[in-house]
1. Condition (residue is away from chain B (no Cβ under 14 Å), in contact (Cβ under 8 Å) with a residue 40 or more places away in the chain and in contact with a Pro (Cβ under 8 Å, 6 or more places away or on another chain)) applied to segment A:86-98: is it met by at least one residue?
2. Please count how many residues of segment B:29-86 are surrounded by fewer than 16 Cβ atoms within 10 Å (Cβ to Cβ), among the small types (Gly, Ala, Ser) and not in a helix (DSSP H, G or I).
3. Please work out if residue A:111 is within 15 Å of the chain's Cα centre (by Cα) and modelled with pLDDT under 95.
4. Can you tell me which residue among A:88, A:63 is among the aromatic types (Phe, Trp, Tyr), over 17 Å from residue A:114 (Cα atoms) and assigned by TED's automatic domain parsing to the domain that holds residue A:130?
5. Looking at B:23, B:12, can you tell me which residue is surrounded by 15 or more Cβ atoms within 10 Å (Cβ to Cβ) and part of a helix (DSSP H, G or I)?
6. Filter segment A:154-192 down to residues that are among the polar types (S, T, N, Q) and either within 17 Å of residue A:83 (Cβ to Cβ) or more than 8 Å from every other protein chain (Cβ to nearest Cβ) (or both) and give me whichever is surrounded by the most Cβ atoms within 10 Å (Cβ to Cβ).
7. Just to be sure before I move on: is residue A:82 of a type in the set (Asp, Glu) and outside the structural domain of residue A:171 (by TED's automatic domain parsing) in the structure I sent?
8. Within segment A:102-124, work out how many residues are open to solvent by less than 40 Å² (accessible area, probe 1.4 Å) and of a type outside the set (S, T, N, Q).
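The values are calculated or read from the model by the stated rules, or taken from the named source; none is laboratory data. All of these numbers come straight from a predicted model, not from anything done at the bench. Here the Cβ positions follow ideal geometry from the backbone for every residue, glycine too, while neighbour counts run over all protein chains shown. Heavy atoms of the whole protein, side chains included, go into the accessibility calculation; ligands, DNA and RNA do not. Shrake-Rupley method; radii C 1.70, N 1.55, O 1.52, S 1.80 Å.
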2 protein chains.
Amino acid sequence: MPPSTETLTAERILEATEEVLRRHGPAKATVVDVARALGVSHGSVYRHFRTKAALREAVTKRWLDRTTGMLAVIAEADRDPEARLREWLAALFEAKRRKAGDDPELFATYTVLTGENVDAVVEHLTELTDQLTRVVQDGIDAGAFTVTAPATTARALFQATALFHDPGYAGEWEKPGAEEEFTALLDLLVRGLKT
Amino acid sequence: MPPSTETLTAERILEATEEVLRRHGPAKATVVDVARALGVSHGSVYRHFRTKAALREAVTKRWLDRTTGMLAVIAEADRDPEARLREWLAALFEAKRRKAGDDPELFATYTVLTGENVDAVVEHLTELTDQLTRVVQDGIDAGAFTVTAPATTARALFQATALFHDPGYAGEWEKPGAEEEFTALLDLLVRGLKT
């Protein structure tokens, strides 16, 4: 156990937890492993996260929040709503594809963790559809979109693009033609908004 | 083994195989079980299907073809393309939902079998998107749809509705609101076709 020199923050614990999960896998990783990686006692970790389950939930939320934060910047930008919508959906697809492709072990780890933390996932999906609702509402306000129910429409847009963001489809994302199929779908959906 | 009185046809073997798979599960069902259910020797079964794998593939195709056949009637009907498109996608959703809900053991069995017979599934999905392409083409010819690439559009429609026909989402199909969400999605897509 290397001696700890930095202050032990929740963020440092979450960083270490992610690395421990990646290395040991979600089935074997323990709080003791996390404490060892940080050079602290496991009691110190428990002062920040009262149970192993709470720690795993927090690390899951942190992972999901990274995507939410990145997309919020796009959703709230001061730009043409159609361009924002396209960029938002493309960024979601690209973020998921990169996560799955660049670090498959970590992606598999988070697939297990999200399965354990359904509430965190539901909250995440609500945040994402709220962002989309905002873009659709802006499009309606600007007269660019002619749909009437922004929240219902946002949900339909999110569901329609499931193939390009639901982790269950990760195996499809690197196939030839995936990019063209995504664009064709996006074009059809944008047409639907603008009729 | 009850004595067999009817002629042993491929169709009778496939029917019996489905029942044996349902009862024993895909991991345990054997050709001997099928032969026993029919009151014939396993050699008689092998005269129709040369291997256990061939039998399992044939029963998978038969199951997939039932849906294809039902949908072909809708795709080829002499009716307004928009109504046909809506009916086709609703019938696909309903057929899948019924299969998953009415007989979960058989549905789980076929989930295993389709995983084993990827070629049969790819062929099935091609047949379905070909049917959709025909409906889209008819809509273009009738001046009702203003899209230009029927095959690409058909694929986008099929992918956009994955949540309502991909067996991986079966757990979502009985949730409250699923029907309304499906309708909202369909409305958005039809708007996109008609711009």
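1. Looking through segment A:86-98, at least one residue is away from chain B (no Cβ under 14 Å), in contact (Cβ under 8 Å) with a residue 40 or more places away in the chain and in contact with a Pro (Cβ under 8 Å, 6 or more places away or on another chain).
2. 3
3. For residue A:111, the condition - within 15 Å of the chain's Cα centre (by Cα) and modelled with pLDDT under 95 - is met.
4. Among A:88, A:63, only A:88 is among the aromatic types (Phe, Trp, Tyr), over 17 Å from residue A:114 (Cα atoms) and assigned by TED's automatic domain parsing to the domain that holds residue A:130.
5. Going through B:23, B:12 in turn, just one is surrounded by 15 or more Cβ atoms within 10 Å (Cβ to Cβ) and part of a helix (DSSP H, G or I): B:12.
6. A:161
7. It is false that residue A:82 is of a type in the set (Asp, Glu) and outside the structural domain of residue A:171 (by TED's automatic domain parsing).
8. Within segment A:102-124, residues that are open to solvent by less than 40 Å² (accessible area, probe 1.4 Å) and of a type outside the set (S, T, N, Q) number 8.
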